[in-house]
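Just below is one structure, and these are the notes that go with it.
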Amino acid sequence: MNKIKELSPEDVDRIIEMAWEDRTPFDAILSQFGITEGETIELMRRSMKQSSFKMWRARVQGRATKHSKKSPEDLLTFKSRMQKGIALNKMSKR
């Protein structure tokens, strides 16, 4: 939980955005920001309205693409437009 408190508001926004993306696995969030799936879920719970969190959680629970081990091997990873502006875990100016 201390890792979450150390994140900047920009990092929290980016993590939430990545968590909402269907094809961004929790492993990508872990490698970029160092927070686990459970910590991501807790961050989402604290940062969102209860109804939004429940909707997100229902989407994520059954989605194989959010978990690298469950995803099909031939799945091509989606790269959003936002990802090309990221360098060293910081977003460039838009």
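Any read-out appearing in this document is the output of simple, stated calculations on the displayed coordinates, not a laboratory observation. No experiment lies behind these values; they were computed from the predicted model shown. No Cβ is skipped: glycine too gets one built from the backbone with ideal geometry, and neighbour counts run over all protein chains shown.
Descriptive notes on the structure:
- FRET efficiency estimate (nearest 0.05) - Cβ-Cβ, Val12 to Gln61, R0 25 angstrom: 0.70
- For region 19-68, the alpha-carbon radius of gyration amounts to 1.06 times the rule-of-thumb value 2.2 N^0.38 Å expected for a compact globular protein.
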